[in-house]
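Reading through the structure tokens given below for one structure.
The values are calculated or read from the model by the stated rules, or taken from the named source; none is laboratory data. If you're wondering where the values come from, they're calculated on a predicted model, not measured in any experiment. Counting neighbours? That spans all protein chains shown, and the Cβs are built from the backbone with ideal geometry, glycine included.
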């Protein structure tokens, strides 16, 4: 009925996945992402889709592997500890060049940790997580609307490049409720001539496999995969910039940390400090060029994170260590306040490095 | 409005049960009743009545909630004090039931006491802007699932349709026919249309039975600029 609905971030992901054409969901419940599974359990049977609560996260990711091999849009979701369990499967997906959407609604760690929001799986997400040379496209939403929009984008990019795309959200993004507008109007689909759909005696067999025992061939596969990654890095890095035109103090933050930081940047401007914000929307590929350009004018960078400082390394690499980079953080499920970020900006502006 | 001794708020998760329960407790207190609030939501560890504990206590409204609420321990446990609500008949009680049938399951153990006393209002909280209860049919399905889970039939509807901070009086008015249809299908009356204070002010000129609410603050309410 209504054009806008009031949704939890987790529900927005689930409904957007359905709009993107995903009819196969495999998962296992874990706070704070359980609403994705609960929503799929309710909706999928009504639209002829599959909801399956697997016996474990390991099983779920391998069901994703199978469904993707057959050419279907498929997803799984979990929270931090569950994502560690899926890591082997993520590596196999990469080794077989299979597209899939994986959602991580992060909670505090390491280990079983807590159930409150966190961004401490940044390394795991942007460096692959599993073994071997590979990357995933990592998308970081900062609103419930973006949870929906980036889910659709994730499916599209995954199919386009035959890679896994990950939504890297956190407990606040999963649980908060905001108005959302959903539309399937512009969803892109891609041909999958590589899928195992039966030859009908008209073509050669397609083989989906990550085993390759001839080192020369395996090397060539890795080279080819990294050519694709290069294209992704050139074309798909996304970020939002806020008050960056004349910014001398550049805050870098994603997800909930970016929302906190935006308020701090506004407060800093009111005090006459030229602050700005770069919000990476893709964490891999990281928006390196935007940061490097910002380093021309910026005197210092501040990385705001719900972790002990992980993205800060990418900030330093992106600006080639030309400027000091400070860390403003909370961990273990805690969230920095706008006041804490403002104090850090003032510290940078005061020259205390 | 007649006030039963026990008022229970149940419905689809995320429909605003906790906000209504807290505001309704203040409303009863202002009318001069001795009232307690109970949080039976042991399913979702992120939003709980416990977030309003300080305000409730300051107003002299005892809150009964799990010892583990907001403690970061994801342990679904009900406090033993809950029995005092159904057994002490000299006090009014407002019960915030967990979302959907899963959340309402926990109410089941108190059902015999509530039915026996027969002085209760079982209120279905409806938000027609929630994706899984956008139509009266879908809302009725959730209603029946909850009744099955807890063993108490709904006796009234609270229309809490809203789209968060963007809600206008017009958005609420658009849902009135839906609430009326749900009322006809289920055979129970709409006892209130709830809205945030400012929206309610505007609405009350156009609609009867508007219940104004002060919305609960969440600890991570960060303005989206």
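Any chance the range B:20-40 includes a residue that's modelled with pLDDT under 90 and within 14 Å of chain A (Cβ to nearest Cβ)? No, the range B:20-40 has no match at all.
In the range A:271-311, what residues are part of a loop (DSSP other than H, G, I, E, B) and over 20 Å from residue A:322 (Cβ atoms)? Steps first, answer last, please.
We begin by selecting, within the range A:271-311, every residue part of a loop (DSSP other than H, G, I, E, B); these are A:271-274, A:281, A:285-287, A:295-299, A:306-310.
Scanning the range A:271-311 gives A:271, A:272, A:273, A:281, A:285, A:306, A:307, A:308, A:310.
Conditions (1) within 12 Å of residue A:103 (Cα to Cα); (2) part of a helix (DSSP H, G or I); (3) in contact with a helix residue (DSSP H, G or I) (Cβ under 9 Å, 6 or more places away or on another chain); (4) not assigned by TED's automatic domain parsing to the domain that holds residue A:91, marked per residue:
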| site | (1), (2), (3), (4) |
| --- | --- |
| A:123 | no, yes, yes, no |
| A:135 | no, no, yes, no |
| A:138 | yes, no, yes, no |
| A:142 | no, no, yes, no |
| A:165 | yes, no, yes, no |
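Does residue A:38 satisfy the condition of being within 22 Å of residue A:171 (Cβ to Cβ) and buried (at least 24 other Cβ atoms within 10 Å of the Cβ)? So residue A:38 fails the test. Residues of the range B:126-147 that are surrounded by fewer than 17 Cβ atoms within 10 Å (Cβ to Cβ) and either within 11 Å of residue B:100 (Cα to Cα) or facing chain A (nearest Cβ under 10 Å) (or both): B:135, B:141, B:144, B:145.
Residues in the range A:172-192: is at least one part of a helix (DSSP H, G or I), within 14 Å of chain B (Cβ to nearest Cβ), at pLDDT below 95 and over 16 Å from the mean Cα position of the chain (by Cα)? Yes, there is a match, as at least one residue in the range A:172-192 is part of a helix (DSSP H, G or I), within 14 Å of chain B (Cβ to nearest Cβ), at pLDDT below 95 and over 16 Å from the mean Cα position of the chain (by Cα).
For (1) surrounded by 21 or more Cβ atoms within 10 Å (Cβ to Cβ); (2) under 23 Å from residue A:127 (Cβ atoms); (3) in the same structural domain as residue A:138 (by TED's automatic domain parsing), each residue gets a yes or a no:
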| residue | (1), (2), (3) |
| --- | --- |
| A:280 | yes, yes, no |
| A:284 | yes, yes, no |
| A:292 | no, yes, no |
| A:298 | yes, no, no |
| A:303 | yes, yes, no |
| A:334 | no, no, no |
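Of all residues in the range A:235-262, those satisfying the criterion of being more than 18 Å from the chain's Cα centre (by Cα) and away from chain B (no Cβ under 14 Å) are A:244, A:245, A:246, A:247, A:248, A:249, A:250.
Once the range A:1-10 is narrowed to residues that are surrounded by fewer than 18 Cβ atoms within 10 Å (Cβ to Cβ) and in contact (Cβ under 8 Å) with a residue 40 or more places away in the chain, the residue that is farthest from the other protein chains (Cβ to nearest Cβ) is A:3. Just one residue in the set A:20, A:38 is closer than 24 Å to residue A:149 by Cβ and without any contact (Cβ under 8 Å) to a residue 24 or more places away in the chain; that residue is A:38. For the range A:64-114, the set of residues classified as within 14 Å of chain B (Cβ to nearest Cβ), assigned to a loop (DSSP other than H, G, I, E, B) and touching a helix residue (DSSP H, G or I) at 6+ places or on another chain (Cβ under 7 Å) consists of A:109, A:112, A:113, listed by residue number. If you scan the range A:127-136, which residues turn out to be surrounded by fewer than 24 Cβ atoms within 10 Å (Cβ to Cβ) and touching a residue at least 60 places away in the same chain (Cβ under 8 Å)? If the condition is that a residue be surrounded by fewer than 24 Cβ atoms within 10 Å (Cβ to Cβ) and touching a residue at least 60 places away in the same chain (Cβ under 8 Å), then A:133, A:134, A:135 are the ones that fit. Among the residues of the range A:314-353, those that are more than 14 Å from chain B (Cβ to nearest Cβ) and assigned to a loop (DSSP other than H, G, I, E, B) comprise A:319, A:320, A:321, A:322, A:323, A:324, A:350, A:351, A:352, A:353. In the range A:109-125, of all residues being crowded, with 24+ Cβ neighbours inside 10 Å and at pLDDT 95 or above, the one that is nearest to residue A:68 (Cα to Cα) corresponds to A:125. Among the residues of the range A:138-172, those that are surrounded by 23 or more Cβ atoms within 10 Å (Cβ to Cβ) and under 13 Å from residue A:93 (Cα atoms) comprise A:158, A:159, A:163, A:164, A:165, A:166. Residue-level check: of (1) surrounded by fewer than 20 Cβ atoms within 10 Å (Cβ to Cβ); (2) closer than 24 Å to residue A:156 by Cβ; (3) without any contact (Cβ under 8 Å) to a residue 60 or more places away in the chain, residue A:25 misses just (1). Residue count for the range A:11-45 under the criterion of being assigned to a helix (DSSP H, G or I) and within 10 Å of chain B (Cβ to nearest Cβ): the result is 10.
Scan A:78, A:91, A:96, A:84 and give me the residue that is surrounded by 21 or more Cβ atoms within 10 Å (Cβ to Cβ) and touching a residue at least 24 places away in the same chain (Cβ under 8 Å). Answer to the selection: A:78.
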